[in-house]
Amino acid sequence: MSGKTSSSSNKAKIARRVIEVLEYFDDAHREATVMDIVRRYNRPQSSTSELLSSLVELGLLHKDPYSRAYSLTPRAALIGTSGQPELVRDGRIVRLMDRLVAQTGLSVALHSMVGMDVQIVNWRHGPRALAATRELAGGVKEPLARSAAGWLMLSTIARQRCEGMVRRLNAEAEEQAKFAFPEMMARIDACREPRHAFGPAGFGTGAEALCGLVPRQPDGHPLVISLVYGKDDKVNPEALFQCLRDAMVACLPDPAPQHPQASVEHFSHAA
């Protein structure tokens with residue numbers, strides 16, 4: 001029994017390390033050496049080198065023969081896209097994040113819900129990024145009750161089930177993180193109609209955020225976009241909300257009605 005447990009644990013560690021490597025790459029890190037990965041995640045050099053070589057064999061990484069640096073391949077970018085909502089598959093959600101960073105200078109995060117946690121799906125560091133947020137990256141998780149993004153996600157859940165989740169979150173929270181149940185439900189209920197919220201950015205940053213629900217997501221799979229700023233930053237809430245709303249309208253427009261005449265023309269002899 002202990003052997004099976006050890007084997008399962010090792011497989012989980014390998015899976016986690018593969019994800020860590022893929023998530024290392026972002027706008028600021030287009031390439032990585034073995035030592036870059038070793039230092040970021042405090043991993044052994046020998047096993048990290050072996051893992052990177054395996055990812056090259058699988059076609060997920062490219063290794064430059066001269067610099068010996070690794071970079072992501074198109075296969076790494078496209079894995080899993082076929083089963084995603086259209087706005088993820090066609091890159092609209094990425095364009096939305098890029099636009100918000102360019103317009104505001106703030107850091108922008110995309111969040112999803114994983115069980116009882118908020119997870120950062122993707123983090124874009126803006127020119128005005130806070131020192132407290134510079135180490136944040138995709139994959140980081142924390143309980144839903146600790147951030148405005150989590151309150152928004154909880155607001156998408158039917159109230160009776162939401163109450164059960166909030167009670168469980170409170171029961172499992174460390175003593176210093178416990179909260180008053182009625183106050184937490186009031187915060188969540190206040191998010192249900194406007195579908196956006198100003199509040200704590202979470203993840204131990206001490207920052208604030210404007211969070212907005214990404215429209216037209218499947219039930220049970222909410223996505224939230226967050227604009228993150230410091231408590232001392234001079235932010236105009238109305239202007240920031242208008243910026244977020246305009247960006248969503250531009251990048252995530254309502255789908256056009258389907259007309260048979262507007263369908264793609266097929267060429268029978270194209271092949």
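Just name the residue that is surrounded by the fewest Cβ atoms within 10 Å (Cβ to Cβ) out of those in the range 87-125 that are among the charged types (D, E, K, R) and without any contact (Cβ under 8 Å) to a residue 40 or more places away in the chain. Reasoning before the result, please.
The initial filter retains those residues of the range 87-125 that are among the charged types (D, E, K, R), namely 89-90, 92, 95, 98-99, 117, 124.
Right, trim to without any contact (Cβ under 8 Å) to a residue 40 or more places away in the chain and you get 89-90, 98, 117.
Values: Arg89: 14, Asp90: 12, Asp98: 16, Asp117: 17.
Across the range 87-125, the extreme among qualifying residues is Asp90.
Among all residues of the range 29-45, there is at least one that is within 20 Å of the chain's Cα centre (by Cα) and over 15 Å from Arg17 (Cα atoms). Of all the criteria given as (1) modelled with pLDDT of 90 or more; (2) within 26 Å of His125 (Cβ to Cβ); (3) exposed (fewer than 12 other Cβ atoms within 10 Å of the Cβ), the one not satisfied by Arg17 is (3).
Considering the conditions (1) modelled with pLDDT of 90 or more; (2) more than 22 Å from Ala209 (Cα to Cα); (3) of a type in the set (Lys, Arg); (4) under 17 Å from the mean Cα position of the chain (by Cα), Arg95 is excluded by exactly one of them, (2).
Could you say which residue among Glu183, Glu175, Glu193 is closer than 30 Å to Asp98 by Cα, without any contact (Cβ under 8 Å) to a residue 40 or more places away in the chain, loosely packed, with under 10 Cβ neighbours inside 10 Å and of a type in the set (Asp, Glu)? Walk me through how you get there before you give the answer.
Working: Glu183 fails: closer than 30 Å to Asp98 by Cα; Glu175 fails: closer than 30 Å to Asp98 by Cα.
Every option except Glu193 fails the conditions.
Taking (1) loosely packed, with under 10 Cβ neighbours inside 10 Å; (2) modelled with pLDDT of 55 or more; (3) assigned to a helix (DSSP H, G or I) in turn, Gln261 satisfies each apart from (2).
Of all the helices (runs of 4 or more DSSP H) wholly in the range 10-109, which have at least 1 residues that are β-branched (Val, Ile, Thr)?
Numbers: elements: 34-41, 45-57, 74-78, 86-89, 92-104.
Once the helices (runs of 4 or more DSSP H) in the range 10-109 are filtered for at least 1 residues that are β-branched (Val, Ile, Thr), what remains is 34-41, 45-57, 86-89, 92-104.
For the range 132-147, enumerate the residues that are part of a loop (DSSP other than H, G, I, E, B), within 22 Å of Arg17 (Cα to Cα) and either acidic (Asp, Glu) or in contact (Cβ under 8 Å) with a residue 12 or more places away in the chain (or both).
Filtering the range 132-147 for residues part of a loop (DSSP other than H, G, I, E, B) gives 134-140, 147.
Okay, now just the ones that are also within 22 Å of Arg17 (Cα to Cα), so 134-140.
Across the range 132-147, the qualifying residues are Glu135, Leu136, Ala137, Gly138, Gly139, Val140.
Could you identify the single residue in Asp36, Asp27 that is of a type outside the set (S, T, N, Q) and at pLDDT below 90? The match here is Asp27. Of everything in the range 110-121 that's out of contact with any His (no Cβ under 9 Å at 6 or more places or on another chain) and at pLDDT below 95, which residue is nearest to Val224 (Cα to Cα)? Selected residue: Val114.
Hey, can you tell me all the residues within the range 118-132 that are under 17 Å from Leu213 (Cβ atoms) and in contact with a helix residue (DSSP H, G or I) (Cβ under 8 Å, 6 or more places away or on another chain)? Listed by number, the residues that qualify are Val118, Asn122.
The values are calculated or read from the model by the stated rules, or taken from the named source; none is laboratory data. As the structure is a prediction and not an experimental result, all values here were calculated from the model. No Cβ is skipped: glycine too gets one built from the backbone with ideal geometry, and neighbour counts run over all protein chains shown.
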